[in-house]
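Chemist: Next up is a structure, given as structure tokens.
The values are calculated or read from the model by the stated rules, or taken from the named source; none is laboratory data. Predicted, not measured: the structure shown is a model, and the values here were computed from it. Every residue, glycine as well, gets a Cβ built from its backbone with ideal geometry; the counts of neighbours run over all protein chains shown. Note: areas computed on protein heavy atoms with side chains; ligands, DNA, RNA excluded. Shrake-Rupley method; radii C 1.70, N 1.55, O 1.52, S 1.80 Å.
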Amino acid sequence: MLSSSNSIDFLKSFSRQLGKLEKTKSDNHFHDSDLEEERTPTKSTISKSISSKTSSKKEQNFKVVVRVRPPLPREIDAHAGFAPITHIAKNNKSVTIQEYLGAEIKEGGRQKEIASNPNICAYHTFKFDYVYGEDSSQKFLYENTAKSAVLSVLEGYNATLLAYGQTGTGKTYTMEGFSNSLNDPQKGIIPRSMEEIFKFIESSSNKSKTFMVRASYLQIYNEVITDLLKQEMTPLQIREDKKKGVFVEGLSEWVVRSPNDIYNLMKDGMRNRATAATNMNDISSRSHAVFMIIVEQMRDTGDKSEDAKGSQHETSREIKVGKLNLVDLAGSERVRVTGATGKRLEESKSINKSLSCLGNVITALTDKKFRSHIPYRDSKLTRILEDSLGGNCKTTMMAMISPSYDAYSESVSTLKFATRAKKIKNEARINEDVDQKALLRKYEVELKKLRKQLAQKRDEIFSKEEMLRLKQDRQKAEKDKEAAIYALESKYKEYLKEKEDQIKQLTSQLLVGGKRIEETPQFRSALETKQKLIREEYEERLQEIEKERQMIEADKAQVDRYKQLLLKQRDIMLALTARINERDDTIIQLQEELDAIEQINKRLVDERNKEVALDFNEEGSQKEHKNLPYPLAGVIPPEILFGKDAKDKEAMMKLMTSDEIIEELQKLAYQSNGMNRMVNQDDKENFKEIAKINQLETRLQEVTKENETLIDELQDKKFEVYKLKNGYQSTCEAYDQVEHALEDKISATLKRMGTSKKQINSIQDIINQTMEDFRNKIISESESDVCNYQASLRKSESFKPLNYKKYLKKTNSTSSESDGGCRSIPGSAVKSFHDRVPVSNKKNENLSTKSITNKSNNRIYNKSATKAKKGAFASKHSSATKKNQSKRNGKERMNIVPFNGYVPDIIQNEFCNSNQ
Ligand SMILES: Nc1ncnc2c1ncn2[C@@H]1O[C@H](COP(=O)(O)OP(=O)(O)OP(=O)(O)O)[C@@H](O)[C@H]1O
């Protein structure tokens, strides 16, 4: 086994010794007579140079490149210390295959283990347009090889990129790549070409260019063509005609507008393509696949075309149609190596057969002996690729090989095949659309036709449409306005209600001078004024809106009336025009008849005069002309004179005498006069009608103007509604401001109230204090009075304790009657006692306390307190009297509780004693 450094050394020595190489016999594996092979055993190198002639410009239309893929894990694992057998020259123009001469040859041409002498090798060098090594990227391959082909398609050429090689050498990888997305660096030639095409279209600075891109995708599986972009895999047939050339009948073409569109198509096609796992490739393509892209471009040349009469028409167009075929062939395989059986075997046979047909075509194209017949028809593949092989196409064949020495014989075979293909000469030319078969042109023509039809139709329906649109607009505007007014109203109502509720809620929480704030007259009047104002304003607005609405209604009705009027007038005009036309026809007809009659009349009179003159000359007297035959029978067309029964009349005319003819002529003259009169009459009427029409036309113009004014007014109204809306909003804002001011006032009042309350409390305290003092004073005075009284009693000798009630009775009677000289409690003492006792009735006390809220109320308090005091006393007094009486009547024990339960002990004792 050779190490890689060894092999490089070998290569160097090989290139040095190239000139000294010796020719040896061709290897058994190489059957191609065109190829010269170089076998370079180490040290004693034998070589044959394989070279092609310098490509002329024509030959450059068929390029061949080789790509050596990196070794696969399967190949590395199979042999410890894997070393590639492919060596690429520095200038990437040739590849050298290393052959181990010491290796055993297996059946089928495969090399076995290099056991005996690994250093004895032969080197076979093949030259190509470019050789890509293991580390060549997808991007580089595209840029360096495929891009120029794609660009040539955009110039209007046909181009084909063809991937050829043994199974598992990277054809599908190169064409399609691993493309999970359009940004995947491993994407292959197909997606990159698409991007290129669309990039070109987008950046095309010439805006007078129009492009159309179409794509198709087919496969040839077991010699059956199917559409990969259709679900149903119906077999398709190849057809050929003069216009289209060779084409696949029924193959779908998809118009694409972006690389993404094509990318999706490609993915669909890939899913439908026949693949299977084989010994050589996990996902081996079992069919040949052809992805076709047709780019049509149209450019305005700017020249005006002329017709036969010399009048100029629209600018002429230049159309170019470029077609790109991206072909991923199924891989050639040796059945013995792949171990294919059953279905796989059938596939293998079919693949190999079509590839050998391809080889035959290439041989025929490159060998002068066979050039008379190129066997394109031997397989579907060669048939489809007819243009690409030796025809009008720029073709690039990409031969794929493996670096493994396991694949030595397949790689050499591939390289020989590719070398042979290099000799193919294609003649590429730009496809101008001379016979107008480009779809783009057809589309253009169709589009033009449709546009014309559309314009006609549009003109026809324009007037109707315009009327309808105006009507709809007006209705819509009215509806909008009504809706706006309604919304405004309801919003306004809602707003008012909300504000009223708010005011109610707010005022319900306020108290002013012991009353709720809404009960205070100031607030009420302020509120009422505000509400009144708002209501007035609101009603005013409503009235305005209502007025406007009525006006609009009136306008609307007027517009409708005008419209009706217009329609009527139009109908009248149409009818009048029809009548005028009819009349014109009649006039013309009558005029013609009249002319004919006048002519006849004139001729008849002339002839008659001649005859009469003749008769006078001959006989000197007038002759009878009764039997004179009708002189001008046949001169006047009988149809003019007699209408339908012309023939009968003509016959009759022949029998008429000249008098009768004269009579007849007079009749005719009379008729013609009548007709003249009728014509004159008609003329007059016509004038009238024309005057009427003129009037109507003027009216129509006026109405149209009015209509326009109305539409303007409608717009103004709309604007006013809009302004009203704005006004409403500003009113709302003003209302808010007032409300805020009110709220501020209320809070200020509340604050002031807080201050007043403090003052009231302090006054209340003073009052309470004063009352307390007053009460204490009274009590102490009363006590001292009682004491004084008792003392005076004790002093009196005739003192007898008295029942207090009796005393009272006595006092009463004393006050009502005279004293009667009885001893009694001095009335002044009792009176002053009652007078001085403060009001202790709880109810009255509360009332008086509550009512003292401000200074002005103090007076009221004093009065009412006095009153209450008096009242309380009076009621007590009267009830005491009543109870006394009842006691006397019912012998009850009386229990008097004077003022607040307080009874001076001394008095109580006195009373108790007297009762006992
Ligand atoms: N240049 C490359 N770089 C990395 N991997 C590659 C390259 N070329 C091929 N491969 C890998 O080799 C394997 C076989 O490739 P691919 O399926 O493209 O071969 P093929 O020639 O299309 O085979 P078949 O004819 O059986 O369809 C794949 O796993 C692919 O990823």
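Chemist: For the ranges 378-388, 399-409, 681-691, what's the packing order if you count other beta-carbon atoms within 10 Å of each residue, average per peptide, and put the highest first?
Modeler: Numbers: 378-388: 21.5, 399-409: 25.1, 681-691: 12.4.
Top of the packing list down: 399-409, 378-388, 681-691.
Chemist: Just order 765-771, 134-140, 67-73 by mean Cβ neighbour count inside 10 Å, highest at the front, would you? Before the final figure, lay out each step's value.
Modeler: On the way: 765-771: 11.7, 134-140: 13.6, 67-73: 18.7.
My ranking of the peptides, most packed first, is 67-73, 134-140, 765-771.
Chemist: What does the accessible area of HIS740 come to, in Å² to the nearest 10, when a probe of 1.4 Å is used?
Modeler: We get 100 Å² for HIS740.
Chemist: Tell me, what HN-Hα J-couplings in whole Hz come from the Karplus equation 6.51 cos²θ - 1.76 cosθ + 1.60 at θ = phi - 60° for each residue of the stretch 416-431, using x for Gly and Pro?
Modeler: Coupling constants for the stretch 416-431: 5, 4, 5, 5, 4, 4, 4, 7, 5, 10, 9, 10, 8, 9, 6, 8 Hz.
Chemist: State which entries of LYS349/LYS425; LYS320/LYS448; LYS90/LYS422; LYS504/LYS751; LYS563/LYS705; LYS452/LYS563 exceed 24 angstrom in Cα-Cα distance in the structure shown.
Modeler: Details: LYS349/LYS425 29 Å; LYS320/LYS448 20 Å; LYS90/LYS422 21 Å; LYS504/LYS751 20 Å; LYS563/LYS705 12 Å; LYS452/LYS563 33 Å.
In this structure, LYS349/LYS425; LYS452/LYS563 lie more than 24 Å apart at Cα.
Chemist: Given the whole protein assembly as supplied and a 1.4 Å probe, what does the accessible area of TYR221 come to in Å², nearest 10?
Modeler: So the heavy atoms of TYR221 present about 50 Å² to solvent.
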